[in-house]
1. Is there a residue in segment A:103-110 that is in a strand (DSSP E or B), more than 8 Å from chain B (Cβ to nearest Cβ) and free of Cβ contacts under 8 Å to residues at least 24 places away in the same chain?
2. Does B:ASP254 qualify as being within 14 Å of chain A (Cβ to nearest Cβ), of a type outside the set (S, T, N, Q) and surrounded by fewer than 19 Cβ atoms within 10 Å (Cβ to Cβ)?
3. Filtering segment A:157-169 down to residues that are part of a helix (DSSP H, G or I) and within 19 Å of the chain's Cα centre (by Cα), which residue is farthest from the other protein chains (Cβ to nearest Cβ)?
4. Any idea which of B:VAL111, B:VAL66 is surrounded by 15 or more Cβ atoms within 10 Å (Cβ to Cβ) and at pLDDT below 90?
5. Which residues, taken from segment A:246-266, are closer than 15 Å to A:MET166 by Cβ and polar (S, T, N, Q)?
6. I'd like to know if segment A:52-59 contains one or more residues that are part of a strand (DSSP E or B), within 23 Å of the chain's Cα centre (by Cα), of a type in the set (S, T, N, Q) and more than 11 Å from chain B (Cβ to nearest Cβ).
7. Which of the residues that make up segment A:73-102 are within 14 Å of another protein chain (Cβ to nearest Cβ), part of a loop (DSSP other than H, G, I, E, B) and either among the hydrophobic types (A, V, I, L, M, F, W, C) or surrounded by 14 or more Cβ atoms within 10 Å (Cβ to Cβ) (or both)?
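The values are calculated or read from the model by the stated rules, or taken from the named source; none is laboratory data. Keep in mind it's a predicted model, so treat the numbers as computed, not measured. Using ideal geometry, Cβ is built from the backbone for each residue, glycine included, and neighbour counts are taken over all protein chains shown.
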Amino acid sequence: MKFRGKIVDVACLNHFSRVITTISKLTKMCVLRLTPDNLFFVLSEKVANGGVSMWCELSQANFFDEYQMEGVSPEDNEICLEVTPENLSRALKTVQSAKSVKVKLTKKHCPCLTIAAELPTLSSISRVVTHDVPVDVIPRRLWHEFIEPSVPDFDVSIYLPPLKTMKNVVDRMKNLSNFLVIEANLNGEMNLKIETDLVSVTTHFKDLGNPPWGDDSSQDGGPSQGRDPDSMAEARVDIRRLQQFLMGQQVNPSKAMCNIVHQRILHLILLHEDVSLQYFIPAVA
Amino acid sequence: MDCVLDGNCVKAFGKAIHALSRIGDELWLDPMVRGLALRSVNSAHSAYACFLFSPLFFQQYNLGSVSEEGNETIKCKLVIKSVLPLFRCLSSIERNVKRCQISISAPCDRVMIRFFCRHGITKTHNVRFQESEALQAVFASHLCPNVLKAPARLLGDMVTHFPVSQEEITLSMTSLRVSLRNYFEGAKDHIKTMHTEISLHPEEFDYFQVGVDSDITFCLKELRGLLAFAESHCLPVSVHSSATGRPVCFSVEDMVLEATVVLATLIDSEIRGPSQPTETPVPTTPRWILLQQFQPDCSTSGSFVARFASCHREECVVCVPRCVHAATLPVGSCEARSNIPHDITAVTELVTSSQDSPIINPPALMQLLPQTDIPNEFCVPDAACPSTSTTPASTVICSLLFRALSSDEDDDSCAAGLNVLACYSDGEETMEDYPRSFLLGEVTQDALHILTFCDVAQSRSK
């Protein structure tokens, strides 16, 4: 198993760091899957996570100037590592001004992702900073847990309001209740509701727009097509999960949308030119 | 003592207090002819910081009724927690405070800190102090084989690569490069933590001299205060160090102030004597503590105190009169009685008056020292030593010292590599009018070494 990548462009390095920082805000540990074309950060659905799962896909060509990898075997040309994204984020944050950053899979005291950066200095010789982030190699028999999740048969899909606004609203609501109901319809309307014994608060968003999924054959466009545009699909979720998702957003997405499976799952999708992030929050009763 | 600082200087003064608060809980204010010294030591006595502000730093600087042997100036010990809040918000101090007056009045036991602020507001704070002798660590910078002088931001930038929670780092120096890496105690943490290493080329330093290749490990947290201070004043930082295990000194200086932080470093675990029992669950390598020395009088025998490595965090103090004749060493009588107070933390400020006989504050140590001069004997009189509770480790070390001093006895492994932290030097940090003396040496099984140093001591004494 070998992996070696090099980032030279400052903007790419910056972007990469921000993506990793976003991931680190969402979860303490996750799985990094390396394939010849992509990097995936995967969090699989487990009771320990509260049932949330995450899938983040990066196209390596958009970040790395050099990228070489050799997977576990020629048929399974992939590497699966369990890593703490916060360590990666910290390591990358300190080398933002580097001339070049190399990321390598190495074996030091344990398998590590080594981030080696050359920092510019006043003299001709650069400073070398090395961070060894310990990782765990995931054996092939467990790889099935980390496959790309399929888009669920959602009832409503809608674009999200500006994330900052949504975050402010959710922050305030968090003080009042532990659960939040998010509902939306095909008319571009979304409501965020909380209800307690003492108070109920609803925030209404209008004219959000609905993404045109209907043509995609992998989705079952049927139920959505015949759906009454005004009828709301809702999901009641743990407000802290939603807040965590909104808080971590460092990258301004080109598109942000969510799919709601009525009373089942809230599926949040953020799309960027080179990064896509999907986050699933299960609904609670 | 009475002094007045103007607005800009108050901020620097406040920064110094912030840096000192990183080190210990107590602040010693020591007004001297040379300037006002602020000092602090941490509870394990492995870190010491001193900020010396020369009289030029102040708008006015009066020592009050001074002059004889400096005995008249008051030396105060304050609790940092009571002083730090006064200087906590430096940006508001910068905006509002026009002048600051600090005065110490002995009769009332108070230090008065008065801020003259804008709009005619005057804030007066009275902080109680305890009178106590100035403590200081003496460090022979000029004897250090390794000297680095780093431009202002270099070290500060380097330490940003380490997480704020990183306790200790290792600075390795060879003639080709300097590197900093984080240090982990114990294998358990080793596996899952992130390792960081930064490598610097000698060209990056303003001055680079490496006489001895070494790896020194010291506490980073305690150093951060000084680095922040240096960065804010754009002052280069000098690093003086020697071999592994010896203390390292970081200092900055300017026309009107000097700041020094001396940190103990870890020695290699191999050097630990096999006979020392492990009492603590975590096998920590012995940590070298700075020598705490008080000044002996120049003419007759004073005493100096050597504090040894605290194995397992216990500290051993041995008091020895300065004039020595090793031949007369009565080892047997001294050895068993480990004159070592189990709790050494009380024995910190070592005092002598200007007279001959040393006076020590803490009662435990009182009993250790000879009350009168014993000019020609190198021995801690056991009559004076109460059988204080001691631990086997400290006993071993104490007896090792004495054994090493006697040429007859033959010790095998334990004394190997133990360093005496008794220091002897002239001039390096003469704070008052009387000469300091300290002795740097190594105790090995070969007793001759200590003799040599003692002879030097004798020859250098007036």
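1. yes
2. Numbers: within 14 Å of chain A (Cβ to nearest Cβ): no; of a type outside the set (S, T, N, Q): yes; surrounded by fewer than 19 Cβ atoms within 10 Å (Cβ to Cβ): yes.
For B:ASP254, the condition - within 14 Å of chain A (Cβ to nearest Cβ), of a type outside the set (S, T, N, Q) and surrounded by fewer than 19 Cβ atoms within 10 Å (Cβ to Cβ) - is not met.
3. Here is the first cut: in segment A:157-169, the ones part of a helix (DSSP H, G or I) are A:163-169.
Still in the list and also within 19 Å of the chain's Cα centre (by Cα): A:163-164, A:166-167.
Values: A:LEU163: 29, A:LYS164: 28, A:MET166: 31, A:LYS167: 26 Å.
By that ranking, first place goes to A:MET166.
4. Working: B:VAL66 fails: surrounded by 15 or more Cβ atoms within 10 Å (Cβ to Cβ).
Going through B:VAL111, B:VAL66 in turn, just one is surrounded by 15 or more Cβ atoms within 10 Å (Cβ to Cβ) and at pLDDT below 90: B:VAL111.
5. Quick first cut of segment A:246-266, residues closer than 15 Å to A:MET166 by Cβ only: A:246-249, A:252-253, A:255-258, A:260, A:266.
Across segment A:246-266, the qualifying residues are A:GLN249, A:ASN252.
6. Quick first cut of segment A:52-59, residues part of a strand (DSSP E or B) only: A:53-59.
Add one more test, that the residue is within 23 Å of the chain's Cα centre (by Cα), and what stays is A:53-59.
Now drop any that are not of a type in the set (S, T, N, Q), which leaves A:53, A:59.
Cutting the leftovers down to more than 11 Å from chain B (Cβ to nearest Cβ) gives us A:53, A:59.
Yes - at least one qualifying residue is present in segment A:52-59.
7. Those that are within 14 Å of another protein chain (Cβ to nearest Cβ), part of a loop (DSSP other than H, G, I, E, B) and either among the hydrophobic types (A, V, I, L, M, F, W, C) or surrounded by 14 or more Cβ atoms within 10 Å (Cβ to Cβ) (or both): A:THR84, A:THR94, A:VAL95, A:ALA98.
Residue-by-condition table, conditions (1) crowded, with 16+ Cβ neighbours inside 10 Å; (2) under 23 Å from B:SER40 (Cβ atoms); (3) among the small types (Gly, Ala, Ser); (4) within 10 Å of chain A (Cβ to nearest Cβ):
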| position | (1), (2), (3), (4) |
| --- | --- |
| B:GLN136 | yes, yes, no, no |
| B:PHE139 | yes, yes, no, no |
| B:LEU143 | no, no, no, no |
| B:LYS149 | yes, no, no, no |
| B:LEU154 | yes, no, no, yes |
| B:ILE169 | yes, yes, no, no |
| B:LEU180 | yes, no, no, yes |
| B:THR193 | yes, no, no, yes |
| B:HIS201 | yes, no, no, yes |
